[in-house]
Structure formats: structure tokens, C-alpha cells
Amino acid sequence: MLGLVEIAHGVRGALAFLRRDPSAPRAFDDTMAGCLRSFRVMVVAAPFYVLYAVLKYANVPVALDPTEVVLVEALRYVVDWLLFPVIFYEVAGRRGWLDRYPRYISALNWTNLPAIVIALASTLVQTVAPLGLAVLLDLAVQVLFFYWFLMVTRLTLGTDWLLSMALLALSWVPSFFLSFIVARYLGVLAIAGA
């Protein structure tokens, strides 16, 4: 498992991307072993995701019983976490970026931990905020996450804005469709953003 010192180091590195710190990528291991270890963040972030999902489904009618919702959301969590690294491996191979793959995926994995905490805090505020403010906050958080992804991509891969945005689309579109499929399967009447 990951220790507190390693978690603090990873979160500090992830937050450094928001400051456009050019040294941020060096906070992450550039070996495949380090990359694989970064997937343990999925376990650390899971309790925050559970709380996020509970809040998300609290007032949303679904067609399935709670056990099925938990199973589907657990599968979605794992698939969503692994989807982009698998897709990007193919991109990295074609672009000659396999040497950058471990550090990039590690940075994205570590970024997911503070991101899910921010998403949880935002969702908590949205439950008590007026509708207009809740929508504005949700939009602001999405913009923050997109910007964060772009900065991780630009600083770790050394890409320009256009290619960074293309990789953002390559990450976001499959995740969006996964959310849509899950919402349809669960029978969610009002599809909420993930």
C-alpha cells in the first residue's frame, strides 16, 4: 500500500501542475514499476469516490436496486481509471512517446486523488447551493479538471496546446460515453455529469 509520505509527495506533485511548475513532472517516477505503483492511488481514492457516488445518487431515481448500483459503479470506477492509460499506450507507441508513458500516466493517476476530493467537496456544496450556483460550480470544476489535464500533458509530454487538447478529447470522450452507458443501464432519469 502507499504510505502517507508517498501520498503527500504525489499530491504535492499533482498540485504543482496547477501552478504550471515546470519541475512538477519530476515528482513522478519515470519507470514502468513506478507507473504500475501509481495505480494504487485508485485504492486510496476509492473511499472519496464512494462518498461522491452516494451524494450523486442520493436524490436520483434509478431502475436497479442499490446492490446493482454499487456493482455497476465499482466496475465503472475501475474501467474509467484504466481506460485512458490503455488508449494512450497505443498513442504513445505511434508517437514515439513510450519513454514518457510511465511518468505521464503516473502524474495523471496522482492527479486523480486531489481531483476526486475536489469533486466530492464541490458535490457537497452543490447539494445545498441554489440551482444556478450549483450549475456554475459544476462548470467551474469541469474547467479546472480540463485545465489540470492540459497542464499535466503539456509539462510531462512537452506537447503544444492543440495536441494537448486532442489528448484531452481522447481521454474525455470515452469517459463521457462510459458515464452515459452506466446512466442508461442504471435507468437514471436525469443523467448527472461524472
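In region 1-26, what residues are part of a helix (DSSP H, G or I) and in contact (Cβ under 8 Å) with a residue 40 or more places away in the chain? Spell out the reasoning first.
Kept after step one, since they are part of a helix (DSSP H, G or I), are these residues of region 1-26: 4-19, 24-26.
Across region 1-26, the qualifying residues are Ile7, Gly10, Val11, Gly13, Ala14, Leu15, Phe17, Leu18, Ala24, Pro25.
For region 144-192, which residues satisfy the criterion of being surrounded by fewer than 14 Cβ atoms within 10 Å (Cβ to Cβ) and basic (Lys, Arg)?
Selection gives Arg184 alone.
I'm checking my understanding of the structure. Among residues of region 56-114 that are within 12 Å of the chain's Cα centre (by Cα) and loosely packed, with under 14 Cβ neighbours inside 10 Å, which one is farthest from Val173 (Cα to Cα)?
Val78
Quickly run through region 18-43 and pick out the residues that are open to solvent by less than 50 Å² (accessible area, probe 1.4 Å) and touching a Leu at 6+ places or on another chain (Cβ under 6 Å).
Ala24, Pro25, Val41
For Ala169, indicate whether it is part of a helix (DSSP H, G or I), small (Gly, Ala, Ser) and modelled with pLDDT of 95 or more.
Values: part of a helix (DSSP H, G or I): yes; small (Gly, Ala, Ser): yes; modelled with pLDDT of 95 or more: yes.
Against the criterion (part of a helix (DSSP H, G or I), small (Gly, Ala, Ser) and modelled with pLDDT of 95 or more), Ala169 qualifies.
Looking at (1) modelled with pLDDT under 95; (2) farther than 28 Å from Leu64 by Cβ, can you tell me which one Gly193 breaks?
So Gly193 meets the others, but not (2).
What number of residues within region 30-46 satisfy the criterion of being of a type outside the set (A, V, I, L, M, F, W, C) and not in a helix (DSSP H, G or I)? First the steps, then the outcome.
Quick first cut of region 30-46, residues of a type outside the set (A, V, I, L, M, F, W, C) only: 30-31, 34, 37-38, 40.
Among the residues that remain, those that are also not in a helix (DSSP H, G or I) are: 30-31, 40.
Matching residues across region 30-46 total 3.
Among the listed residues Val125, Val141, Val135, identify the single one that is of a type outside the set (Gly, Ala, Ser) and either in contact (Cβ under 8 Å) with a residue 60 or more places away in the chain or open to solvent by less than 20 Å² (accessible area, probe 1.4 Å) (or both).
Details: Val125 fails: either in contact (Cβ under 8 Å) with a residue 60 or more places away in the chain or open to solvent by less than 20 Å² (accessible area, probe 1.4 Å) (or both); Val135 fails: either in contact (Cβ under 8 Å) with a residue 60 or more places away in the chain or open to solvent by less than 20 Å² (accessible area, probe 1.4 Å) (or both).
On inspection, the qualifying residue turns out to be Val141.
Report every pair of residues separated by at least 6 positions or lying on different chains whose Cβ atoms are under 6 Å apart, first residue within region 67-92 and in a helix (DSSP H, G or I), second modelled with pLDDT under 95 and open to solvent by 40 Å² or more (accessible area, probe 1.4 Å).
What qualifies is Val69/Val62.
The values are calculated or read from the model by the stated rules, or taken from the named source; none is laboratory data. Since the structure is predicted, the reported quantities are computational estimates derived from the model, not experimental observations. Here the Cβ is made from the backbone with ideal geometry for all residues, glycine too, and neighbour counts use every protein chain on show. These area figures cover heavy atoms from the full protein model, side chains too; ligands, DNA and RNA do not enter into them. Shrake-Rupley method; radii C 1.70, N 1.55, O 1.52, S 1.80 Å.
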